[in-house]
Amino acid sequence: MAVLQQNTADIILNQLVKDNRILSSHIHVGVSDKTAILTGTVPSFYDKLSAEEDALNVPGIENVENNIIVSFPEENIFLADDEIEYAVKRMLMWDTRLNIEKIEVSATSGKVTLSGSVDIYWKALLAEKLAFNISGVAAVVNKIAVNADDENSNDERIKKEIEKTILNSSLNARFAVTVCDGRVTLKGKVTDLISKRAITDKVAYTDGVRSINNQIEVV
């Protein structure tokens, strides 16, 4: 068992080394049962999240304990809060899928708060991911509201569409869906964390969804 876990850890580490998004030289990987344990340091939150994503994509890994510490390099030019705000706004503006006029950005001690509104849930998730790309961002608080069109806000329609989407996917999930005013709650069981996250991603693209509470268990 110990040899198998070490082999899995080596596969994860090799995946991190090949991922040019990540400065992986100071990342250490351990495996306990089906959980990858990541430690060490990286220069940005984007590196940390990308390392977790890579570990989850390795066969046999169902969970990730991400203990990586973000340590900004001393040679980094740290941005003041107003510079971070400007940089995040520019990042969002460059993505034509977002309407920057309806998204507000503020920063305090490196913590970015996103507010305003979008017309579909996945765009709120996209804005959060883009904000993490900015150097010096220590955390992102996503308060963006989803203002769906009234014609897309029928809870029963949303529920049926989500059920159809998941059932027609390759995901092996036993689940139940409830929807109240566009707020989706998912319950059930899947065999790995990748499937749980994939379900959230699929639901995020459903018209009318305002938020997702994913309570699906990994068993």
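General observations
- Taking segment 157-170 as the range and being buried (at least 18 other Cβ atoms within 10 Å of the Cβ) and of a type in the set (A, V, I, L, M, F, W, C) as the test, the residues that pass are 158, 162, 166.
- Test result for residue 148, modelled with pLDDT under 90, more than 17 Å from the chain's Cα centre (by Cα), closer than 21 Å to residue 53 by Cβ and not polar (S, T, N, Q): no
- Looking across segment 39-62, the residues that are within 18 Å of the chain's Cα centre (by Cα), closer than 21 Å to residue 130 by Cα and not in a helix (DSSP H, G or I) come down to 42, 44.
- Test result for residue 79, out of contact with any strand residue (DSSP E or B) (no Cβ under 7 Å at 6 or more places or on another chain), assigned to a helix (DSSP H, G or I) and at negative phi: no
- Yes/no for residue 116 being at positive phi, in a loop (DSSP other than H, G, I, E, B) and modelled with pLDDT of 90 or more: no
- If the condition is being hydroxyl-bearing (Ser, Thr, Tyr), within 22 Å of residue 105 (Cα to Cα) and modelled with pLDDT under 80, then segment 45-87 contributes only 46.
- Residue count, segment 117-134 (criterion: of a type in the set (Gly, Ala, Ser) and surrounded by fewer than 18 Cβ atoms within 10 Å (Cβ to Cβ)): 1
- Considering 15, 6, the condition of being in contact with a helix residue (DSSP H, G or I) (Cβ under 8 Å, 6 or more places away or on another chain) and among the polar types (S, T, N, Q) is satisfied by 15 alone.
The values are calculated or read from the model by the stated rules, or taken from the named source; none is laboratory data. These numbers come from a predicted model, not from an experiment. Cβ: placed from backbone, ideal geometry, glycine included. Neighbour counts: every protein chain shown.
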